[in-house]
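The values are calculated or read from the model by the stated rules, or taken from the named source; none is laboratory data. In this text the structure is predicted, and so the values were computed from the model without any measurement. Don't worry about glycine lacking a Cβ; one is built from the backbone with ideal geometry, like all the others, and counts go over all protein chains shown.
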Number of protein chains: 2
Amino acid sequence: MSTGTGAAEVPEVGGPATQGPGAVESTHAHGLRERKKLATREELSRAALRLAMERGLDNVLVEDIAAAAEVSPRTFNNYFATKYEAICALGVERAAQIGDTLRRRPPEEGLWQAIAAAVVTHYESGHFCDPAAMASLKMVLTSPQLRGEHQRIVTTMREALAAAIAERLAAAGAACAEVDLALRAEVLAAAVIATAQVAVRRWFVVRPATALRPLLEDALAQLQAALRAP
Amino acid sequence: MSTGTGAAEVPEVGGPATQGPGAVESTHAHGLRERKKLATREELSRAALRLAMERGLDNVLVEDIAAAAEVSPRTFNNYFATKYEAICALGVERAAQIGDTLRRRPPEEGLWQAIAAAVVTHYESGHFCDPAAMASLKMVLTSPQLRGEHQRIVTTMREALAAAIAERLAAAGAACAEVDLALRAEVLAAAVIATAQVAVRRWFVVRPATALRPLLEDALAQLQAALRAP
DNA sequence: CCGCTTCTTGCGTGTCACGCAATTTTGCGT
DNA sequence: ACGCAAAATTGCGTGACACGCAAGAAGCGG
């Protein structure tokens, strides 16, 4: 095993909060049972996000979400501990995909190039263009009660990206095995994700309909420049 | 106004949640009133942290905290919206000091050197050595309910550090005014703080009583190395 | 068709955030 | 020193919520 992914083997530092039926134990679609579980979970999550956007975060009750998903209020809590968790569940799932986005970059591409491209692609392929996603982003960034869940999204992104970076480092740089590859991957992922967050926040505070992409590219360029030329 | 601090002028992206008497409107100690407010706030915060450490996070009620601070349970909610906010309030205050820690570095020191030294100093001067702080750190890192508040601590650190970095950039690098200094400061601060978090997390998951400092220095070195030599 | 596992549901309970209004405390001008 | 206005503390009530528990229902293997 040696190093592994360097992310998922720690004793639960930022794990989820629910353990009930909502726990996704395997991507394998065992049977009708698993599919129904996933469907209910997604139904609840979508309903939560939709209602929160329509009425405002404080004007939606767990009861409403459960009703919209056509399950009992008690069942809601079998899947999610809080309505905030339900609202951000889709975001967490999406965040986990950034690793594959990096893995899809051509192998001959430089590491930094690949990472930057993956991040840009991830944020663009996301629904970061339509005003609906803009509003949901605003909600997540402003509401104090969603801060913890947003942090969970970011953590997921960081871990997924770190895992993919570690693979790429291991594949390309078996030569310089002196440094701790896992550490380097984690640091790199953390720095890039943090930079992306800066870009998103700045994009959010300057209302103008300027695209996110240039801000993202600028910020990433600044990261590289700042560390290279003190 | 032009650039300002680049952190505190945005329309509340990650602001606090309480607006009552607990709001610290100015550092100016106007009179007995302000001092008493601060005292009560600190009393509540200390009691919250102490009780949470003694009994465990779930075995402490807001009623207990209020009793320990000798105020009404209702008064507690005038200062803090949740007990988690109270527990982390001291951490937030401390996080805000990292800016001054950087400002105290000698001006002739290089920017990167100064930042790294400031971060190391901040984490060392903190109570990150005694086992009590270790336990509180564990609590903050593990409990899902404290994640949001921990995020607030990190955000505060990032903003404070970014402000100080911006000053240093403005003071030293008036020559290359082409780049957006505020952006560079924010990106740099975000990357460094994120890296520090990686170090702290790794230090936390590897039980051994190894000091935090070398891990921190390693991680920061990796950050610089990773961006300089792809 | 049967038994086992797993999910759903209803109910009860303890905790919590917060609006509201009465009461007390504090600051300050005179 | 006195009294008034501003502000903080407190008690009460309410709506919401997380979760344990146990009974019922539904998938699933033999």
Next on the checklist: Kindly evaluate B:Ala68 against the criterion of being over 20 Å from the mean Cα position of the chain (by Cα) and either surrounded by fewer than 22 Cβ atoms within 10 Å (Cβ to Cβ) or on the phi > 0 side of the Ramachandran plot (or both).
Outcome noted: yes
Next on the checklist: So B:Ser143 passes all but one of these: (1) more than 18 Å from B:Ala196 (Cα to Cα); (2) at pLDDT below 95; (3) of a type in the set (Ser, Thr, Tyr). Which condition number does it fail?
Outcome noted: (2)
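Could you tell me whether B:Leu169 is surrounded by 19 or more Cβ atoms within 10 Å (Cβ to Cβ), more than 8 Å from chain A (Cβ to nearest Cβ) and touching a residue at least 60 places away in the same chain (Cβ under 8 Å)? Step through it out loud before you land on a result.
On the way: surrounded by 19 or more Cβ atoms within 10 Å (Cβ to Cβ): yes; more than 8 Å from chain A (Cβ to nearest Cβ): yes; touching a residue at least 60 places away in the same chain (Cβ under 8 Å): no.
No.
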Next on the checklist: Regarding the stretch A:178-185, can at least one residue be identified that is in a helix (DSSP H, G or I), at the interface with another protein chain (Cβ under 9 Å from one of its Cβ atoms) and basic (Lys, Arg)?
Outcome noted: yes
Checklist entry - Restricting the stretch A:64-84 to residues that are touching a Phe, Trp or Tyr at 6+ places or on another chain (Cβ under 9 Å) and more than 9 Å from DNA strand C (Cβ to nearest atom), which is nearest to the other protein chains (Cβ to nearest Cβ)? => result A:Lys83
Item to check | Candidate set from the stretch B:73-121 (those that are of a type in the set (Phe, Trp, Tyr) and under 25 Å from B:Ser136 (Cβ atoms)); member that is nearest to the chain's Cα centre (by Cα) | outcome: B:Tyr84
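Residues are listed down the side, and each one gets a yes or a no for (1) surrounded by 16 or more Cβ atoms within 10 Å (Cβ to Cβ); (2) in contact with a strand residue (DSSP E or B) (Cβ under 8 Å, 6 or more places away or on another chain); (3) not polar (S, T, N, Q):
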{"site": "B:Thr75", "(1), (2), (3)": "yes, no, no"}
{"site": "B:Ala89", "(1), (2), (3)": "yes, no, yes"}
{"site": "B:Val92", "(1), (2), (3)": "yes, no, yes"}
{"site": "B:Ile98", "(1), (2), (3)": "yes, no, yes"}
{"site": "B:Trp112", "(1), (2), (3)": "yes, no, yes"}
{"site": "B:Ile115", "(1), (2), (3)": "yes, no, yes"}
{"site": "B:Pro131", "(1), (2), (3)": "no, no, yes"}
Next on the checklist: Tell me the residue from A:Leu61, A:Leu51, A:Leu57 that is more than 25 Å from A:Ala160 (Cβ to Cβ), out of contact with any Lys or Arg (no Cβ under 7 Å at 6 or more places or on another chain), away from chain B (no Cβ under 14 Å) and buried (at least 17 other Cβ atoms within 10 Å of the Cβ), please.
Outcome noted: A:Leu51
Item to check | Hits in the stretch A:44-86 - residues which are within 11 Å of DNA strand D (Cβ to nearest atom) and among the β-branched types (Val, Ile, Thr) | outcome: A:Val60, A:Val62, A:Ile65, A:Thr75, A:Thr82
Checklist outcome for this item: B:Ala209 fails exactly one of (1) surrounded by fewer than 24 Cβ atoms within 10 Å (Cβ to Cβ); (2) in a helix (DSSP H, G or I), namely (2)
